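Okay, so here's the structure we're looking at.
The values are calculated or read from the model by the stated rules, or taken from the named source; none is laboratory data. Everything numeric here is computed off the predicted structure, so don't read it as measured data. Because the Cβ atoms are built from the backbone with ideal geometry, glycine has one as well, and the counts that use them run over all protein chains shown. Note: areas computed on protein heavy atoms with side chains; ligands, DNA, RNA excluded. Shrake-Rupley method; radii C 1.70, N 1.55, O 1.52, S 1.80 Å.
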2 protein chains.
Amino acid sequence: MAKRPTIIWTKVDEAPMLATYSLLPIVRNFVKHAGVDVELRDISLAGRILAQFGYQPDDLAYLGELVWKPEANIMKLPNISASVPQLIDAVKELQSQGYDLPDFPEDPQTEEEKEIRAKYDKCIGSVVNPVLRQGNSDRRIAPPVKEYAKKHPHKLGEVSPKSESYVAYMKSGDFYEHEKSVTIEKDTKIRWEFVDKNGNVTVLKEVEVGKGDVVDGTYMSRKKLREFFDEVIRDAKEKGILFSLHVKATMMKVSDPVIFGDAIRVYYKKLFEKHGKELEEIGFDPNKGLVDLENKLSKLPPEKQEEIKKTIEEIYKEQPGLYMVDSDRGITNLHRPNDVIIDNSVPSVIKNGLKAWGPDGNTYDCVITVPDRSYATMYSEIVEDVKVRGQFDPTKVGTVANIGLMAMKAEEYGSHDKTFFPPDDGIIRIVDEDGNVLMEHEVEKGDIYRSCITKDIAIRDWIKLAVTRAKELKMPIVFWLDSLRAHDRELIKKIREELPKYDLEGVEWYIKAPKDAMKFTLERFRNGLDTIAVTGNVLRDYLTDLFPIIEVGTSARALSIVPLIAGGGLFETGAGGSAPRHVQQFVKEGHLRWDSLGEFLAFVEALKLAYKQSGEENKRILIMADTLSKAVSRYLDTDKTPKRKVGQLDTRGSHYWLARYWAEELANQTEDPELAEIFKPVAQKLAENEEKILSEIAATEGSPKDIGGYYHPDDAKAEAAMRPSKTFNEIIDNL
Amino acid sequence: MAKRPTIIWTKVDEAPMLATYSLLPIVRNFVKHAGVDVELRDISLAGRILAQFGYQPDDLAYLGELVWKPEANIMKLPNISASVPQLIDAVKELQSQGYDLPDFPEDPQTEEEKEIRAKYDKCIGSVVNPVLRQGNSDRRIAPPVKEYAKKHPHKLGEVSPKSESYVAYMKSGDFYEHEKSVTIEKDTKIRWEFVDKNGNVTVLKEVEVGKGDVVDGTYMSRKKLREFFDEVIRDAKEKGILFSLHVKATMMKVSDPVIFGDAIRVYYKKLFEKHGKELEEIGFDPNKGLVDLENKLSKLPPEKQEEIKKTIEEIYKEQPGLYMVDSDRGITNLHRPNDVIIDNSVPSVIKNGLKAWGPDGNTYDCVITVPDRSYATMYSEIVEDVKVRGQFDPTKVGTVANIGLMAMKAEEYGSHDKTFFPPDDGIIRIVDEDGNVLMEHEVEKGDIYRSCITKDIAIRDWIKLAVTRAKELKMPIVFWLDSLRAHDRELIKKIREELPKYDLEGVEWYIKAPKDAMKFTLERFRNGLDTIAVTGNVLRDYLTDLFPIIEVGTSARALSIVPLIAGGGLFETGAGGSAPRHVQQFVKEGHLRWDSLGEFLAFVEALKLAYKQSGEENKRILIMADTLSKAVSRYLDTDKTPKRKVGQLDTRGSHYWLARYWAEELANQTEDPELAEIFKPVAQKLAENEEKILSEIAATEGSPKDIGGYYHPDDAKAEAAMRPSKTFNEIIDNL
């Protein structure tokens, strides 16, 4: 008999959590007819806190074990990566609900305080992804979304062949140039050491590595970086175009703020020359953006403040215009390191026809500065491509899916705790426990040294995933790897070792350096052909935004699947985050505009996996997936996504439409007549009651909603607010 | 009244000189009817020698003055750049003809000997081009040649999308990275100084420069170069493809042999490790190629020779295969530095579908190694382009003309005497006569330091030429300049200064970095659109071969015009040289296979200039040009080019066809009926006597010819041999 699969649905925070109150009963009651259980597990911030203090089971820990079992099948909705203030807020709310929780100890002194702090620390920051993401990534556009985009193309700005925008990158001195890489020959411990000019050794870090793991080290010369910024800024000035810098300080959170800081040090050079002493006094840290200066300026006497402001004014006159994040509010590219995030900002410039907003609110050409050649050259390729061949046409382009090497903190993804800033000129080297020096780099004081470990098992799983997907989708796979780059060369060796282990009949595969891979992919893309990019961590991250933004206007509509190494699957939704503002609107005026499209699409994939987990015996599960996919197409085509304003269709109404289309598709399918019979009356009732249901929902719009808590709502209150249509609830609950 | 223009025809050496005996009477007698004189001037090796010793006027000196006058209009046929042995040969021949010439003093001692040697030195090497080339270059495919190629496309090899061939270039440490550049602010003298670690200064060279001249300095790190070769050779090995190196040791004759030598030092590393002492003993110089080792090996005892040969065998087994110049004879890429010349060799690889010959005589993919990024990135762009879009189709592609900055030894063209190899670690700096340091470079012992001067007037003339040609041809012009490269930035400044001085109505212009310029140009090229590349010296040189080879199969059929700065024109023919083997064949068996196509095409252009020089009044000159151009089309279409073997059509017969077609075109044109009347009987007689003329010529095939000298033939004998058809001569001479 077929195994009965269980899909885990995660209880999270804010808008997607609210939407779950309405959506979960629908999916649960639909798929029970295919013998699939849907189980709710709580990974919300409040849930994690309560679990730490024994008020409820630790669902995250449970899932952490489950992901290493082949039966794992998890719908992962977006949750809060809590900052300390958010945590304190959540604790306060829970205390007010009667939970006996200790206050958050900001500065723990006693053993007890330290223990409490340790528990809270387990709730802060990005704690869910590292536990659940035990696999590489598989990102793509689901067919209904692609079809919708082809029928209703979003607007992309025309590109002038005379555009002076271009991608600038370093000639030398970057991470790309200095990378060294080794494949570990036997399980060992490795340590990073700094050796100063006198031979004194400081151990910076120590970790265990296994046979086959790939260890890289590299550094960026700060001197060369600043010379580069100087040259690019001068070039922008000479050409009369904007200067823009694109890094990813959110992900590369140790290295990239420093690169960002150097851009400030060079662009605002005059500021440091004239007021260096004062800036130091008030503790201005350029790595935090110019906002840090604004925040600290009041520490200086008013006349000094004026002088500094005057100097800044002068700088804006002398230097090229800055790319603006928000020209209305005067927020520049250099305001805050996290405002301009490369994976979104470069595609935006492309989308805007290689134009960007300048300080005066007009658009200009711009230098797109991406210092490191590891990532810059592929952007250069696409930017020059649109200059020469014109803007992309979403109705004609193919799709570019992505298989990303991400498992077990692979590559740059896991480099934060191995990024060092040498305290002096000297050498940073990696030494194994037998004392062998695996590699060393001569560095200068302040250079950015970065090291990554990529686990053997993660790499092999990634290769397997690429081959599997190539076969399933019948698309060529391109490994974006540069055989003249040290890390990539080690990966290429493994690929050449692994590939012959598979049946490659019908698998078209390539290994190409990123710029060449981009050229190859773009040619297919423009000709309407589909391609799978198989990339390492950072390129994965950048590409999974780039192509979706061109294809369908946003990466939020892309599927994000983590095929788990152990065989299960993790289906991520909601690239846009958990949307606090949506909750505020709902509480204030009873309108929720969270679009559950991501959940619908992910659930199609979860069902497909459930079918496999059933031993490929229970065809009903496939029918569920297939009909849901068709329902989603109609949902998009008839534009039943929630609207922004109160009184318009909201999340709850959108769920009605999804349920109705899905029921109709199930009723109309002929493969399983018995299943069709079950859903025929449902479809009929939903259609007959359309007006009634929608007006029951609409009646609740415009008034405030009490859900009994922001982080930890009262289930009954929240359910009542999210399921206001008795008619609809009756149809669903009686299924 | 219209000025009566004079076209200079140069008397040169070997095959083109022989062809002149037959061709000159034809053109002279045709164009006299348009009021154009054709004057012969002797720049042959023998002529230069005789002039030095007072036996005839110094025509080269005369032309050296003429090129600086607006009335200059010179047909420059290929002449011998004499080596010493050739000079000695020529002197011997002249002495035997009765000229009282002194022997060549190999090692002059007395004042008299030194004076003699000084005179002979003026005849050695490339002494003609530097005198005559007082302008930038304008290279393109003449319309008849382009039409012919479209109708009769040459074969280009298919490119597999799976090709692993690629262009490898340095990540850092190359000329591209280190370049500095200044524009001179006032006339001054500058000197290059080497400063050692102890502050000792050596002056390396001193020259005068003028206001506005651009002075560059840069260097290539030999350490980085060798690391690069090591990486590329390893990559070729891992991929199982050939290693190939592409430089231009003939033109960059000081720097490039050293780059070549380093490739040998790395590829044959084991040889130096095992036999370093012996190699030093016999004075093996890798910069001269492996042939230098072969030449010197006999100095060693036989058993040592065997050992060394064995090591070389081992190396060939361990290292990747080498790209072969001649696999039948075992001549590798690294045999001689002058065998593989980048401007021809890279296009050949492209033409062959990215395949090259390996040691076993089979073709393989290959790493195309072009160390410096100044030139490599554009090759990378075209190579990746054909991988992605497939081979070019000569029947469909557009044309890419080239305006090259070459005048007054511009750019790398004039760098030989400013290329230095620092004797030790230290600094090379450029200092003006006021002691200002214009730039300095920290170099290591043996690094390749290179400096160039580009004259202000040459740059401005080049910009003017680009604008002029853009208007004449109505094609976009693209300046291939990288705003992040120091030299290019100085040029861009001048362009931005100069362009507004012209009426740019209808001129479409771009400034693009080489790789982007290539992308832009290729897109047009593939779509059948024409583009003008406006490039500096080295790129000029590389591009003027690349596109003609793709378009028409060879660059020998491209027009090479030097619009002289003073307003006149120099029309160069014969990219294939002066062809000594053709002369040997003619003397031996009376068959000359020199194709005068280059002269025909150049003469069309010379006539067009003559028309301008006539004050644009004498339309008959234009008719001459136009009809000649049509005649050339028919000449190509009916395949009247000389054939290789005795008994087939040769140069003399090909001249008959040219004359006949030209006469027919003149007779058939209606614009100038009087001129048509002159040529109608000529055309008729030439047609009627076809069989007779051709058989009179054919009758002389197969027997030896006495022309009375190789370097200095007897005019009467040579003329008799080259004009064997009485019938034809009568028609021509009576014109």
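Structure above, values below:
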{"read-out": "Pairs beyond 23 Å (Cα-Cα), from A:K512/B:K237; A:K355/B:K171; A:K253/A:K409; A:K269/A:K310; A:K248/A:K299", "value": "A:K355/B:K171; A:K248/A:K299"}
{"read-out": "Gained length - B:E508 relative to B:E227, 0.36 nm times residue gap less alpha-carbon distance", "value": "96.9 nm"}
{"read-out": "Peptide A:168-181, shielding by other chains (average Cβ, 10 Å cutoff)", "value": "3"}
{"read-out": "Within segment B:135-168, backbone nitrogen closer than 17 Å to the virtual label 7 Å beyond the Cα of B:E498 toward Cβ", "value": "B:135-139"}
{"read-out": "Cleavage-rule hits (GluC sites (Glu not before Pro)) in segment B:21-111: DSSP loop, at most 11 neighbouring Cβ within 10 angstrom", "value": "B:E106"}
{"read-out": "Estimated FRET transfer efficiency (A:N734, A:E677; beta-carbon r; R0 22 Å; 0.05)", "value": "0.90"}
{"read-out": "Averaged over A:383-389, number of beta-carbon atoms from partner chains that fall within 10 Å", "value": "4"}
{"read-out": "Projected label distance in nm at B:E433 and B:Y99, using a 7 Å step from Cα toward the beta-carbon", "value": "4.1"}
{"read-out": "Label-point separation, B:D639 to B:T6 (7 Å along Cα→Cβ), nm", "value": "4.3"}
{"read-out": "Estimated FRET transfer efficiency (B:W68, B:E158; beta-carbon r; R0 45 Å; 0.05)", "value": "0.35"}
{"read-out": "Residue-by-residue Karplus 3J(HN,Hα) for segment A:340-348, coefficients 6.51, -1.76, 1.60, Hz, glycine and proline x", "value": "9, 10, 3, 5, 9, 6, 5, x, 5"}
{"read-out": "Dipole of the protein assembly as shown, positive end: most advanced residue of A:V443, A:G125, A:W480 [Cβ charges, Cα centre]", "value": "A:W480"}
{"read-out": "HN-Hα J in Hz across segment B:604-618 - Karplus 6.51, -1.76, 1.60, θ = phi - 60°, x for Gly and Pro", "value": "4, 5, 4, 5, 4, 5, 4, 4, 4, 5, 7, x, 6, 9, 8"}
{"read-out": "Rounded to 10°, Cα long-axis angle of helix A:537-552 versus longest principal axis of chain A", "value": "60"}
{"read-out": "On Cα atoms only, tilt of B:269-281 relative to the major axis of chain B in degrees", "value": "80"}
{"read-out": "Amide H within-cut-off set for A:L529, under 5 Å, with H built and near neighbours excluded", "value": "A:G398"}
{"read-out": "Charge dipole magnitude, Cβ of K and R +1, D and E -1 - segment A:485-618, Cα centre, debye nearest 20", "value": "520"}
{"read-out": "Peptide A:517-524, shielding by other chains (average Cβ, 10 Å cutoff)", "value": "3"}
{"read-out": "Built amide H within the under 5 Å cut-off of A:E508, gap 5+", "value": "A:I477"}
{"read-out": "Efficiency of FRET between A:Q584 and A:K189 - r from beta-carbon atoms, R0 56 angstrom, step 0.05", "value": "0.65"}
{"read-out": "Summed buried accessible area for B+A [probe radius 1.4 Å, Å², rounded to 100]", "value": "3500"}
{"read-out": "Sequence-separation-based contact order of segment A:1-156, relative, with Cα cut under 8 Å and 6+ spacing, percent", "value": "25"}
{"read-out": "Residue pairs, from the table A:K274/B:K180; A:K455/A:K493; B:K151/B:K608, whose Cα atoms sit over 18 Å apart", "value": "A:K274/B:K180; B:K151/B:K608"}
{"read-out": "Built amide H within the under 5 Å cut-off of A:N73, gap 5+", "value": "A:I8, A:G569"}
{"read-out": "Contact order relative to length of segment A:447-534, as percent, for alpha carbon pairs under 8 angstrom and 6 or more apart", "value": "38"}
{"read-out": "Selection from A:Y611, A:L592, A:G567, by position along the positive dipole direction of segment A:484-617 (Cβ)", "value": "A:L592"}
{"read-out": "Cα-based Lys proximity count in segment A:1-147, under 18 Å, for pairs eight or more positions apart or on separate chains", "value": "7"}
{"read-out": "Degrees between helix A:222-239 axis and first principal axis of chain A (Cα, 0 to 90, nearest 10)", "value": "80"}
{"read-out": "Cα→Cβ-extended label distance, 7 Å offset, between B:A566 and A:E147, nm", "value": "7.7"}
{"read-out": "Peptides A:95-101, A:154-160 ordered by average Cβ neighbours within 10 Å, highest first", "value": "A:154-160, A:95-101"}
{"read-out": "Segment B:484-611 - percent relative contact order, Cα under 8 Å, separation 6 or more", "value": "14"}
{"read-out": "Helix-only CD estimate at 222 nm, as mean residue ellipticity for the protein assembly as shown, using -39500 (n - 2.57) per DSSP H run (n ≥ 4)", "value": "-14000 deg cm²/dmol"}
{"read-out": "Vicinal HN-Hα couplings computed from phi for segment A:21-34 (Karplus, 6.51 cos²θ - 1.76 cosθ + 1.60; Hz; Gly/Pro x)", "value": "4, 8, 7, 4, x, 5, 4, 4, 6, 6, 7, 4, 6, 10"}
{"read-out": "Top positive-direction residue, dipole computed over chain A with Cβ charges, set A:M252, A:P301, A:N537", "value": "A:N537"}
